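Shown next, in structure tokens, is the structure this report addresses.
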Amino acid sequence: MLDLGFNSADAHSGEANLGLTVEDDPVETLGRIGRADIERRDFLTRAAYSVAAAALPLGVAGEAQARTANAIAGGVAGAAEVAAVRDMVAMFTAIDERHGGQHGRSTVVQYLTDDVRRLCQSRFETDDLRKEMFSAAGSLAYLAGWKAYDASEHGLAQRYYLQAFNLARSAENRADQAYVLRILAHHGMDNGRPEHVLGLANAALELSRGVDPATESLFVICRARALAESGQQAEARREAERARELALRGETAEMMGWATMWGTPKATVDSHTAKIYARLGDYAAAEVHHAGARKRYASTEHQRIAALSAAAEGGAQLKQGQIEAACATWDKALDTMTGIRSSRTVESVRTMRADLAPFRARGARSALELDERARAWLRQAV
């Protein structure tokens, strides 16, 4: 069994809390999380989402924190090493978006906890380069968290996200910190735990002040969705419209930091606006925005989110009683899901089948045919 450095007497409690702080050295913590992740340790893969941990960044987002320990043994790292890490992150992210989070997952974690961890502990030519390396490492930790999220391992995903936030603080990069706070807010909403999401969304928006309009739209739509979750419907609608205006006014080429790696802001705003309207029970509006997201993502290399948007679009159509339209949309979603390894796509297909059950019972031909195809897809996927 892997020794994570805990005494046997308190190993269990120590393991359970691994990564659920933003005060420890993020480089060392990520090394321990990554090794346990690669070994598929139960305390991580079965970890529940922590409401208490979700509140952690709110207490430290604007505070000066102790930096990671000084660089240790090794050569001097420079701009070339930082560029290499950023290039690897871009490559891994592109693969993730095209093929799903389970493609290359162990490779990402191994690279993070081995090469990148050692680079973060190197000596640097300048302090600015050290900060850039921590920012690059943070984007890779964020991706590792995203892959865990895509596998429905939400406790593990949360730990990676918190360490990505910790690395962004060490890099003194406000835009990166804001981006992680944003994903932490969405993560809470996706887990049905809204206790801290509005605080996280507000903190992200505050930290992002001064960014370009396209990037700002991502933080505004996050706040809009958090407002909808907290029952503030009118303000949620206003913020969603403001996000849409910002996305239309902005240019993708102007975007800053990690936001550049995850699709166009117009597609992101459409996707989350659809979730807002679905939360408010306006399925006609949700359908329109899911369709907009699907079309925008389909024009890029973001195959997974295009497929999930199509699945959600079909769900909104079914909520309106449009069984034939829903089946046609879901049929296209299954086409797009070919070759994707993702727990979220599997769950969306299972949801399709559950939603089709009443129509199958009535003998609706479109429902019967789609259900058979969905059943065959699931046999190959799981």
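The values are calculated or read from the model by the stated rules, or taken from the named source; none is laboratory data. Note that the structure is a prediction, hence the values are computed from the model and not measured. Using ideal geometry, Cβ is built from the backbone for each residue, glycine included, and neighbour counts are taken over all protein chains shown. We work out accessible area using only protein heavy atoms, side chains counted, and drop any ligands, DNA or RNA first. Shrake-Rupley method; radii C 1.70, N 1.55, O 1.52, S 1.80 Å.
What accessible area per residue comes out for the chain, rounded to a whole number of Å², with a 1.4 Å probe?
42 Å²
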### Task
Work out, step by step, the length gained on full extension between Ser106 and Glu369: first 0.36 nm times the residue separation, then minus their alpha carbon distance; give nm to one decimal.
91.0 nm
### Query
For Glu324 and Thr300, what is the calculated FRET efficiency with R₀ set at 45 Å and r taken between the beta-carbons, to the nearest 0.05?
0.95
### Task
Rounding to the nearest 20 debye, state how big the charge dipole of region 172-330 is about its Cα centre with +1 on each Lys and Arg Cβ and -1 on each Asp and Glu Cβ.
200 debye
### Summary
Between the modelled labels at Thr126 and Glu28 (7 Å from Cα along Cα→Cβ) the distance in nm is 3.0 nm
### Message
With +1 assigned to the C-beta of every Lys and Arg and -1 to the C-beta of every Asp and Glu, and no other charges, what is the dipole magnitude of the chain about the Cα centre in debye, to the nearest 20?
### Response
1080 debye
### Query
What list of ³J(HN,Hα) values in whole Hz, one per residue of region 26-32 in order, does the Karplus curve 6.51 cos²θ - 1.76 cosθ + 1.60 (θ = phi - 60°) give from phi, with Gly and Pro shown as x?
x, 5, 5, 4, 5, x, 6
### Query
Round to a whole number: what % of the accessible area of region 152-217 belongs to carbon and sulfur, probe 1.4 Å?
43 percent
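Taking the mean number of other Cβ atoms within 10 Å as a proxy for protection, how do you rank 226-235, 142-151, 198-207, 96-105 from highest to lowest?
142-151, 198-207, 96-105, 226-235
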### Task
With +1 on each Lys and Arg Cβ and -1 on each Asp and Glu Cβ, and nothing else charged, work out how big the dipole of region 88-245 is about its Cα centre, in Debye to the nearest 20.
200 debye
### Query
If each of Arg209 and Leu248 carries a label point 7 Å out from its Cα toward its Cβ, how far apart are those two points in nm?
2.7 nm
#### Entry: Long-range HN-HN contacts of Phe124 with modeled amide H, under 5 Å
Ala77
### Message
Sequence gap at least 6, Cα distance under 8 Å: using those rules, report the relative contact order of the chain to the nearest whole percent.
### Response
14 percent
### Task
Quick one: go through region 151-193 and flag any residue whose amide nitrogen is under 15 Å from the point 7 Å out along the Cα-to-Cβ line of Arg350.
151-154
